[in-house]
2 protein chains.
Amino acid sequence: MKFIDGGVTAAEGFIAGGMYCGIRHNRSKPDLAMIYSQVPCAAAAVYTSNLVKGAPIQVTKRNLKNGRAQAVICNSGNANTCNFDGEEKAWRMCEIAGKALNIPAEDVVVASTGVIGQVLPIEPVEQAAPQLAASLSREGSAAAARAIMTTDTVEKEVAVELELGGKTVRLGGIAKGSGMIHPNMGTMLCFLTTDAAVAGPALDQAIRLAVRDTFNMVSIDGDTSTNDTLAILANGMAGNELLTESSADYPAFCEALKGLCARLARMLAKDGEGATKLLVGKVTGAETDEIARTVAKSVICSSLVKAAMFGADANWGRVLCAIGYAGVEVDVNRVDVSFTSRAGTIPVCRGGAGIAFSEDEAKRILTEDEVDINVELHAGSGSAEAYGCDLTYDYVKINGDYRT
Amino acid sequence: MKFIDGGVTAAEGFIAGGMYCGIRHNRSKPDLAMIYSQVPCAAAAVYTSNLVKGAPIQVTKRNLKNGRAQAVICNSGNANTCNFDGEEKAWRMCEIAGKALNIPAEDVVVASTGVIGQVLPIEPVEQAAPQLAASLSREGSAAAARAIMTTDTVEKEVAVELELGGKTVRLGGIAKGSGMIHPNMGTMLCFLTTDAAVAGPALDQAIRLAVRDTFNMVSIDGDTSTNDTLAILANGMAGNELLTESSADYPAFCEALKGLCARLARMLAKDGEGATKLLVGKVTGAETDEIARTVAKSVICSSLVKAAMFGADANWGRVLCAIGYAGVEVDVNRVDVSFTSRAGTIPVCRGGAGIAFSEDEAKRILTEDEVDINVELHAGSGSAEAYGCDLTYDYVKINGDYRT
């Protein structure tokens, strides 16, 4: 598997685009994205576990019941959630996209992101759709990625390529994150495409596995959004033999999908609201992978750890504290902690107690923009990574006055 | 029951004090507190659920096995946790206090708060203890309250008085909070005293019930501390008939204790690190009290709700979002939300959807320093209150560089 350019349109047969349609007041920020496949696709999706679910999720769930889709429409600037006519409007978006692309409305994945609890104006979507549909291209991935952004500061697109049974297949995707990010079986918004031929159940299983170890290991602020949606479309145009869960090539496909998702997950975490650095919680030596995942996530979710990392302060006691309240059985007297960045590695705690270290060196290591918090539990071979970011003045600023 | 002055020395027979001993560098901040009862007391305590437990907790647990204590010693500036000789030092503190007060070391409750993972210097305690012991007085509650503060900005002391079987009994206490506050069967640090005569099991049961609805409903940053300890000493000097769980007066005593704890819990939340306002999550109409407690705590724990409240932004969608991921079954389509402060009440959401409201009026209401977030679930008669605070620039500032 290798990383390539092209994002959500790297795979054969996919085109995409984005534009400003008028849902937002700020005309310089695009707010409507579309992705389209030349042929109908096998499709699967995972969604937020929040009981409050965005109206688009209800509609997308219905549309994907037959495991088939051909396009995605997504707006930013309004979550179309907690209002009175959300489902009706979400379905209208499918009809509008279907008409503009000349496909059934039932084959459209719809998603929205932005403020919760406001009525979605549908006219801007209606008026812009034909023009947007006509503009879709193989070069449109970045435009689509930008149009789904909210407080994100950079667009997030990734693609990979691998050989499956002698055929070259590609997978790509775009995602948006930034705030209200603590995904649970889904992520904020992520649309993936592939030209591999994959059977529905195999596609479904592949994204569930990939999401468990990637997007579900991201937390920016502990708030599980109402609109988390990750959808994947597989159009089969690479010409490979149809992948099922028993295919010899299936593990390679799953691995590539996980690699793609991991890269996007890191990008989400690094661009968390107000973040100045990516934090990777790396837990090893756990009794099980599940325990490792729980501990890793507890560490990168701790407000105190996050604030200490913002200040490049090697306050490892807070790491131990977060391990202790993670809710899983851990022998805290065996825990080692160290910090790693491109400036080096510094051990700070051994066997649950502090060890002497140079504060200057720690400061130098923690000042980098990607920091690993390494936790060795000495209890087995389970491991996990979780992705987060520091807690900064800008997080407070952005969220103290998001709506106005 | 009525609130009175006197704090932890309001009850007959208790004296207290605090001073600077030298654990901290800053000589203007006292760092050693003592509380003493003229006669031995029935005693009970609850502690953090964090697996990483401060060394003083291990020693206090041992000392309270016989349900008896006569004094408290507590330092701030160093948590005496996650180091190699913590228990030895904690026991030394009991010996030092015991010697200074002429009581057995086993009858001393010991606690520490401050930075985790550093070795506690015992010499300052050793040198200061005789002078501190000699200075204890009925007027010393505030001095003791100040000496246990870390990033707290105000000392926290409360006392109440009630009649039990014709005798006037008093309960009082001091507490400290500020950061790493998400108590779970205990709170950061809280020492309570009463001159009521209470049997050990009844005292234990009374504080467990009180804590469940008060301190365990506080969250400042979601981080459960390693050193949470709440201890109560009952010396019986009020002369009432010994209270047991079947005494007619027992419910009144429990109610007074809960009222005392609730007042301290609100004080903790309002003085949360960096806080500009107290947030009270008030949930009504839940199927059970347990569901109400879970929902109330989820709302006041949400970083996004907290940041919105800092900005006086009526972003109720975040309240709904936090209800949705609380992890309990709630029909989100029946939820009403309103905000209340001394400036008035404003409904913002009905039946899970937004309703029209004046942003100006909302801003005026949310600008006050105590704000209730009211959530009506329309599913039963369960209710609960949770106590938190807003998330501010100062929280980040304080915690970005706490150690240095």
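The values are calculated or read from the model by the stated rules, or taken from the named source; none is laboratory data. These figures come from a predicted structure and were not determined experimentally. Quick reminder, even Gly has a Cβ in these numbers, built from the backbone with ideal geometry, and neighbours come from all protein chains shown.
Quick check on A:K99: is it surrounded by fewer than 21 Cβ atoms within 10 Å (Cβ to Cβ) and either of a type in the set (V, I, T) or in a helix (DSSP H, G or I) (or both)? Yes, satisfied.
Residue count for segment A:388-404 satisfying the condition of being of a type in the set (F, W, Y) and more than 8 Å from chain B (Cβ to nearest Cβ): 0. B:V160 meets each of the listed conditions (1) under 20 Å from B:P251 (Cβ atoms); (2) without any contact (Cβ under 8 Å) to a residue 60 or more places away in the chain apart from (2). Residues considered: B:E385, B:E368, B:E376. Of these, the only one that is modelled with pLDDT of 95 or more, surrounded by fewer than 24 Cβ atoms within 10 Å (Cβ to Cβ), closer than 19 Å to B:A269 by Cβ and more than 12 Å from chain A (Cβ to nearest Cβ) is B:E368. Would you say A:A145 is surrounded by 22 or more Cβ atoms within 10 Å (Cβ to Cβ) and of a type in the set (G, A, S)? Against the criterion (surrounded by 22 or more Cβ atoms within 10 Å (Cβ to Cβ) and of a type in the set (G, A, S)), A:A145 qualifies.
Apart from one condition, B:A362 fits all of (1) of a type outside the set (D, E); (2) at the interface with chain A (Cβ under 8 Å from one of its Cβ atoms); (3) outside any strand (DSSP E or B); the exception is (2). Restricted to segment A:299-313, and to residues there that are out of contact with any Lys or Arg (no Cβ under 7 Å at 6 or more places or on another chain) and within 15 Å of B:Y395 (Cα to Cα), the residue that is modelled with the lowest pLDDT is A:S303.
Only a single item in (1) under 20 Å from A:A33 (Cα atoms); (2) modelled with pLDDT under 90; (3) surrounded by 24 or more Cβ atoms within 10 Å (Cβ to Cβ) is not met by A:I220, and it is number (1). With the requirement that a residue be surrounded by fewer than 23 Cβ atoms within 10 Å (Cβ to Cβ) and more than 14 Å from chain B (Cβ to nearest Cβ), what does segment A:76-95 give you? Across segment A:76-95, the qualifying residues are A:W91, A:R92, A:E95.
Residues satisfying the criterion are present in segment B:316-329 (criterion: among the acidic types (D, E), more than 16 Å from A:I116 (Cα to Cα) and either touching a Gly at 6+ places or on another chain (Cβ under 9 Å) or modelled with pLDDT under 95 (or both)). For A:A292, indicate whether it is assigned to a helix (DSSP H, G or I) and more than 20 Å from B:C82 (Cβ to Cβ). Taking the combined requirement at face value, the residue satisfies it. When we screen A:A210, A:A238 for residues that are closer than 12 Å to A:V169 by Cα, out of contact with any Gly (no Cβ under 7 Å at 6 or more places or on another chain) and either surrounded by fewer than 24 Cβ atoms within 10 Å (Cβ to Cβ) or more than 14 Å from every other protein chain (Cβ to nearest Cβ) (or both), the only hit is A:A238. Does at least one position in segment B:253-275 carry a residue that is in contact with a strand residue (DSSP E or B) (Cβ under 9 Å, 6 or more places away or on another chain), closer than 26 Å to B:N83 by Cβ and buried (at least 24 other Cβ atoms within 10 Å of the Cβ)? Checked segment B:253-275: at least one residue is in contact with a strand residue (DSSP E or B) (Cβ under 9 Å, 6 or more places away or on another chain), closer than 26 Å to B:N83 by Cβ and buried (at least 24 other Cβ atoms within 10 Å of the Cβ). Does segment B:109-136 hold any residues that are buried (at least 16 other Cβ atoms within 10 Å of the Cβ) and within 14 Å of chain A (Cβ to nearest Cβ), and which are they? Result: B:S112, B:T113, B:G114, B:V115, B:I116, B:G117, B:Q118, B:L120. Sort out which residues of segment A:89-122 are charged (D, E, K, R) and touching a residue at least 24 places away in the same chain (Cβ under 8 Å), and write them in order of number. Listed by number, the residues that qualify are A:K89, A:R92, A:K99, A:E106, A:D107. Of all residues in segment A:151-169, none satisfies being more than 14 Å from every other protein chain (Cβ to nearest Cβ), crowded, with 23+ Cβ neighbours inside 10 Å and within 13 Å of A:C74 (Cβ to Cβ).
Going by what's in this entry, would B:A145 be described as assigned to a helix (DSSP H, G or I), modelled with pLDDT of 95 or more, touching a strand residue (DSSP E or B) at 6+ places or on another chain (Cβ under 8 Å) and closer than 23 Å to B:A256 by Cα? Criteria met by B:A145.
When you check B:K306 against the structure, is it within 9 Å of another protein chain (Cβ to nearest Cβ) and farther than 22 Å from A:N83 by Cβ, yes or no? Yes: the conditions hold for B:K306. For segment A:344-359, residues that are surrounded by fewer than 16 Cβ atoms within 10 Å (Cβ to Cβ) and either at the interface with chain B (Cβ under 8 Å from one of its Cβ atoms) or in contact with an Asp or Glu (Cβ under 6 Å, 6 or more places away or on another chain) (or both) total 2. For the criterion of being modelled with pLDDT of 95 or more, hydroxyl-bearing (S, T, Y), in contact with a Gly (Cβ under 6 Å, 6 or more places away or on another chain) and not assigned by TED's automatic domain parsing to the domain that holds B:R170, B:T284 fails. Here B:L189 does not fit the description of being surrounded by 21 or more Cβ atoms within 10 Å (Cβ to Cβ) and more than 21 Å from B:G7 (Cβ to Cβ).
Only one entry in B:V160, B:V154 is hydrophobic (A, V, I, L, M, F, W, C), closer than 24 Å to B:M237 by Cα and either under 20 Å from the mean Cα position of the chain (by Cα) or outside the structural domain of B:G239 (by TED's automatic domain parsing) (or both), namely B:V160.
Any residue at all in segment A:277-299 that is within 9 Å of chain B (Cβ to nearest Cβ), buried (at least 24 other Cβ atoms within 10 Å of the Cβ) and under 19 Å from A:V218 (Cβ atoms)? Checking segment A:277-299: not a single residue is within 9 Å of chain B (Cβ to nearest Cβ), buried (at least 24 other Cβ atoms within 10 Å of the Cβ) and under 19 Å from A:V218 (Cβ atoms). Quick check: anything in segment B:249-269 in a loop (DSSP other than H, G, I, E, B), farther than 25 Å from B:V348 by Cβ and within 18 Å of the chain's Cα centre (by Cα)? Checked against the condition, which is being in a loop (DSSP other than H, G, I, E, B), farther than 25 Å from B:V348 by Cβ and within 18 Å of the chain's Cα centre (by Cα), segment B:249-269 yields no hits at all.
Among the residues making up segment B:102-142, those that are in a loop (DSSP other than H, G, I, E, B), within 30 Å of A:D313 (Cβ to Cβ) and at pLDDT 95 or above are B:L120, B:P121, B:I122. Every residue in segment B:31-75 that is surrounded by 24 or more Cβ atoms within 10 Å (Cβ to Cβ), more than 18 Å from B:L192 (Cα to Cα) and at pLDDT 95 or above, please. The answer is B:D31, B:V59.
Taking segment A:295-316 as the range and being among the charged types (D, E, K, R) and either closer than 14 Å to A:N374 by Cα or not in a loop (DSSP other than H, G, I, E, B) (or both) as the test, the residues that pass are A:K297, A:K306. Taken across segment B:63-71, residues that are without any contact (Cβ under 8 Å) to a residue 60 or more places away in the chain, in contact with a Phe, Trp or Tyr (Cβ under 7 Å, 6 or more places away or on another chain) and not polar (S, T, N, Q) do occur, with at least one present.
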